[in-house]
Amino acid sequence: MSQLVVFLALAFSIVIAIFAVQNTTPVAVQFLGFRVEGVAVSVLVLISAALGAAAILLLGIAREVQWRWRQRSLSQQLRQARLTQTSPEESPSQETKAIAPPETATSIGGPAAAEARSSSSSPEGTPSVEETRR
């Protein structure tokens, strides 16, 4: 993609240079109260192109600075979130216990299924799933 941009910029520069070489007629220029006599059209075209390039450069720099400020802000927020997540006052085991009891956190089917599995045998007298695993 960057090669395409460089190629297009080079092609545009060549077109401007050809235009400037072919248009050497002097003209009078008046801008915001200033008046200049006898300036070649080619010089005006080159000045206009340079001012346009400078404007685009400044807008690009402003966008890059804004992006870096945003990135720095997000990086600081992430760092702060990681610090608060791994604070030394709380250990990970305490957080797990506070969220849910171990039975319901590890069992499939909720408390009723955990209670059914904890019984030593099923109603028909056959061994439970836990007993067959042992």
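Among R35, R70, which is the only one that is of a type outside the set (V, I, T) and more than 29 Å from A9 (Cβ to Cβ)? Lay out the reasoning, then the answer.
Values: R70 fails: more than 29 Å from A9 (Cβ to Cβ).
Going through R35, R70 in turn, the sole match is R35.
Only residues that are in contact with a strand residue (DSSP E or B) (Cβ under 8 Å, 6 or more places away or on another chain) and surrounded by 10 or more Cβ atoms within 10 Å (Cβ to Cβ) were counted in segment 37-90, giving 4. Could you tell me whether any residue of segment 22-30 is surrounded by fewer than 11 Cβ atoms within 10 Å (Cβ to Cβ), over 30 Å from A9 (Cβ atoms) and modelled with pLDDT of 55 or more? Checked against the condition, which is being surrounded by fewer than 11 Cβ atoms within 10 Å (Cβ to Cβ), over 30 Å from A9 (Cβ atoms) and modelled with pLDDT of 55 or more, segment 22-30 yields at least one hit.
The values are calculated or read from the model by the stated rules, or taken from the named source; none is laboratory data. Being a predicted model, the structure only gives us computed values, none of them experimental. All Cβ positions, glycine included, derive from the backbone under ideal geometry; neighbour counts span all protein chains shown.
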